[in-house]
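Each remark here refers to the structure printed beneath this line.
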Amino acid sequence: MKVLLYLPTPGGLTGAPRRLLNLAKVLREHGFGVCIACDAESELSLAAKELAFEVQEISPIGVLKRRGSALFGGGLFFRLLTAFSLLLQNLVFCWRVRSSHADVVWIRASKGIAFAGFGAMLSRRPLIWDVDYELPSQGLVRWLHRFGLWASKAVVFQYRAAPDGIFGQKLAHHYRYKFHSIIPGINLLALASPYKMRKKRCKSEDDNFVILQVGTVCDRKNQMFLLDALKQLPFEDLSRKVRVLLAGGLSDQAYVEQVKSSIQETGLGSVVELCGWRTDVHALMAEADLLVMPSKDEGVPNTVQEAMYLGLPVLVSDNGGMPEIVVDGETGWVLPLNSSCNWAKQIRYCMERPQSCTKIGVAASTYAEKYFSTRSWGHAYSQIIVESNAG
């Protein structure tokens, strides 16, 4: 049986492309033929070829090359042009599915549904929709969600509360018979080197306390909230110096400028470093003392799972799927975003109680090794694919 995996996201190997590659490798291990469909200019295409996967390069057509909310703007002519481009994109996708001789089509996110959902239907192959972070289900996005739920044979979520949170209880209830919740697996073998690095590291109380946040610098990742928490730390009274690394893409220029202005205005320039896109995130994790993730919305982030496996203590918001993988006070800390003061207190607690942090890190690593392996993830996904193809 052959599966075509489609992800329209351009650019670098961020969380979603890395997760797709992990899924592709696991499915191949389970005996499936795998074809990866993606943008010809993406790093995902290069990585897939290096791993000897069949690749169908499907680049965005016309105005679909625009990113994010830019596709929702413009006047009547632009909207008609967008609709025409989407139709062509779906027709191309249908042809690529048929030429690849795939038996099942897997599509990631609602953008994938827009670019390829109709094409998957035309190909007459069963469709599996893998749902991650989604835009608010309203307006055009609401109609896209309705279409995706109707057209899909199976819909896969990363955590149990996702369907009601994303689509609302009424719409979710109507399609609940299609839903599956699977915590994504991570490639533990790929983390062997940073795992050893972290085990061997020797840090004293004279070393900086390194706080790491990984993710595109944008409103959803909420770096401004972390800065608000840092402003409340009494740096003069702390037992250790603090260094904060914000590692992630800087494509949202308006938000990046807001972050830079806040750093300057609050005098955090000597503490906070905007690192930009980094390819050595695992090495940063190996040396950090605390990973923070104050996101306004998330699925189940690769970054948090990987940090937990490495034994890096995590402090996360109570949004999305993070509370389902982080047990507060046992494998990390989960706090709401209603008080940056409470986040500041927790950060200081971690600084002043390194032994407690070590204990939390060990527990998180044990938990991750048990629950985040690709073995159970691949087995569950394999069953869904087989059942979808069986009709």
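Taking the range 147-171 as the search range and keeping residues that are touching a helix residue (DSSP H, G or I) at 6+ places or on another chain (Cβ under 7 Å) and among the charged types (D, E, K, R), which one is nearest to Ile113 (Cα to Cα)?
Lys153
If you check Gln158, Gln213, which single one turns out to be surrounded by 18 or more Cβ atoms within 10 Å (Cβ to Cβ) and touching a strand residue (DSSP E or B) at 6+ places or on another chain (Cβ under 6 Å)? Reasoning before the result, please.
Numbers: Gln158 fails: touching a strand residue (DSSP E or B) at 6+ places or on another chain (Cβ under 6 Å).
Criteria check complete, one pass: Gln213.
Return only the number of the condition from (1) within 29 Å of Lys231 (Cβ to Cβ); (2) in contact (Cβ under 8 Å) with a residue 24 or more places away in the chain; (3) part of a helix (DSSP H, G or I) that Tyr349 does not satisfy.
Condition (2) is where Tyr349 drops out.
Condition check: in contact with a Cys (Cβ under 9 Å, 6 or more places away or on another chain), part of a helix (DSSP H, G or I) and closer than 24 Å to Val156 by Cα. Does Ser110 satisfy that?
no
Please state which of the following conditions Ala37 fails to meet, knowing it meets all the rest: (1) free of Cβ contacts under 8 Å to residues at least 40 places away in the same chain; (2) within 17 Å of Val97 (Cα to Cα); (3) not in a loop (DSSP other than H, G, I, E, B).
(1)
Where residues in the range 175-204 are among the charged types (D, E, K, R) and part of a loop (DSSP other than H, G, I, E, B), which of them is nearest to Phe372 (Cα to Cα)?
Step one: list which residues in the range 175-204 are among the charged types (D, E, K, R), which gives 176, 178, 196, 198-201, 203.
Narrowing the set further to residues that are part of a loop (DSSP other than H, G, I, E, B) leaves 201, 203.
Values: Arg201: 24, Lys203: 28 Å.
Here the answer is Arg201.
In contact (Cβ under 8 Å) with a residue 12 or more places away in the chain, within 25 Å of Ser251 (Cα to Cα) and not β-branched (Val, Ile, Thr): is that true of Phe78 in this structure?
Values: in contact (Cβ under 8 Å) with a residue 12 or more places away in the chain: yes; within 25 Å of Ser251 (Cα to Cα): yes; not β-branched (Val, Ile, Thr): yes.
The answer is yes for Phe78.
Quick check on my filter: what residues within the range 344-369 are at pLDDT 95 or above and of a type in the set (Lys, Arg)?
Lys345, Arg348, Lys359, listed by residue number.
How about the range 214-251: which of its residues are part of a helix (DSSP H, G or I) and in contact with a helix residue (DSSP H, G or I) (Cβ under 9 Å, 6 or more places away or on another chain)?
Gln223, Met224, Phe225, Leu226, Leu227, Asp228, Ala229, Leu230, Lys231
Which of (1) touching a helix residue (DSSP H, G or I) at 6+ places or on another chain (Cβ under 7 Å); (2) polar (S, T, N, Q); (3) at pLDDT 95 or above does Asn302 not meet, given it meets every other one?
Every listed condition holds for Asn302 apart from (3).
Taking into account only those residues within the range 275-331 that are surrounded by fewer than 21 Cβ atoms within 10 Å (Cβ to Cβ) and among the small types (Gly, Ala, Ser), which is farthest from Ala190 (Cα to Cα)?
Gly329
The values are calculated or read from the model by the stated rules, or taken from the named source; none is laboratory data. Not measured: the values here are computed from a predicted model. Quick reminder, even Gly has a Cβ in these numbers, built from the backbone with ideal geometry, and neighbours come from all protein chains shown.
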